[in-house]
Amino acid sequence: MSNDVTNILVVGIGGQGVMTAADILGTTALSLGYDVKKTEVAGMAQRGGVVTSHVRFGPKVYSPAIKPGTADLMLAFEPAEALRWAPHLKQDGLLMVNTYAQEPPVVSIGLFDYPDSPLEKVRAMGIETHDYNAGQSAIELGDRRLINSIMLGAISDHLPFPAETLEQSLLDRFRHKGEKLVALNQQAFDLGRKAFA
């Protein structure tokens with residue numbers, strides 16, 4: 001076990017599974033003996049508002065909040081949210097982003113404008129960015145909610161524990177809902193892992 005604390009920021013829109021993905025990351029780290037702290041902010045999550053979850057784990061973690069400039073990894077389920085939270089990544093941090101855009105209510109009701117080319121702006125900051133249309137893949141698999149399983153697959157080879165351990169935590173989460181859903185989530189995880197390999 002490393003002496004370092006790993007900081008992962010998971011961001012997106014309500015209904016994409018941001019908090020579920022963060023729970024699974026935290027559960028996996030906990031099962032391996034890490035100290036884990038997690039916090040989240042859900043703005044109208046059920047209605048498509050923005051959702052942010054901080055996951056921190058290591059030998060000893062004192063605070064759940066990730067300070068700007070200290071996130072090792074960001075898992076962004078939505079491109080504009082990737083741009084909004086980009087300053088939280090550290091200089092050599094890694095961004096995994098779903099390119100399927102989904103406007104939050106504050107945009108659709110006219111309070112804010114959706115940014116032009118959010119990923120271009122993120123890359124212009126010098127952030128190592130890996131992107132994939134996880135939203136479209138989830139739709140093709142038959143369920144938009146599979147975005148989180150695809151994105152967990154994406155991050156799985158960039159964590160301080162085996163991808164297989166994360167995958168097992170994911171599948172255990174859905175096992176009580178039947179083998180069909182377990183198989184579908186396994187397919188989604190594998191798809192994300194291959195896409196970001």
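The values are calculated or read from the model by the stated rules, or taken from the named source; none is laboratory data. Only a predicted model underlies this, so the values are computations on that prediction, with no experimental measurement involved. Virtual Cβ from ideal backbone geometry, glycine too; neighbours counted across all protein chains shown. All accessible areas refer to the heavy atoms of the entire protein, side chains included, with ligands and DNA or RNA removed. Shrake-Rupley method; radii C 1.70, N 1.55, O 1.52, S 1.80 Å.
Descriptive notes on the structure:
- Rounded accessible area of residue 111 (nearest 10 Å², 1.4 Å probe): 120
- Bridgeable lysines around residue 38 (alpha carbons under 23 Å apart, same-chain partners fewer than 8 residues away excluded): 60, 67, 90.
- Only protein heavy atoms count here; on that basis, with a 1.4 Å probe, residue 158 has an accessible area of about 70 Å².
- Three-way shape call for the stretch 2-97 based on the alpha-carbon gyration tensor, with the a/c threshold at 1.5: oblate
- The separation of the stretch 144-197 from the stretch 114-129, counted between C-alpha centres, amounts to 26 Å.
- Heavy-atom surface of the stretch 44-130, accessible at 1.4 Å and reported per residue (Å²): 51
- Share of carbon and sulfur in the accessible heavy-atom surface of the stretch 1-125 [1.4 Å probe, %]: 53
- The ellipsoid that matches the Cα gyration tensor of the stretch 138-197 has semi-axes, each √(5λ) in whole angstrom, of 18, 14, 7, with the longest given first.
- Taking amide H positions as modeled 1.01 Å from N, with prolines and chain starts lacking one, the residues under 5 Å from residue 71 and 5 or more places away or on another chain are 89, 90.
- Percent antiparallel among DSSP beta bridges (both partners in the chain, rounded to 5): 55
- Per DSSP, loop chymotrypsin sites (Phe, Trp or Tyr not before Pro) in the stretch 93-143 with at most 15 further Cβ within 10 Å: 112
- Pairwise Cα distances in the chain exceed 27 Å in 23 percent of cases.
- Remark: accessible surface ordering of 19, 96 (largest first) is 19, 96, probe radius 1.4 Å.
- Screening the chain for whole DSSP H helices of 18 Å or more along their axis (Cα) with average Kyte-Doolittle hydropathy at least -0.5 returns 18-31, 179-195.
- DSSP beta bridges confined to the stretch 42-145 are antiparallel in about 10 percent of cases.
- Sparse-neighbourhood loop sites, trypsin sites (Lys or Arg not before Pro) in the stretch 48-113 - DSSP loop, at most 13 other Cβ within 10 angstrom: 60
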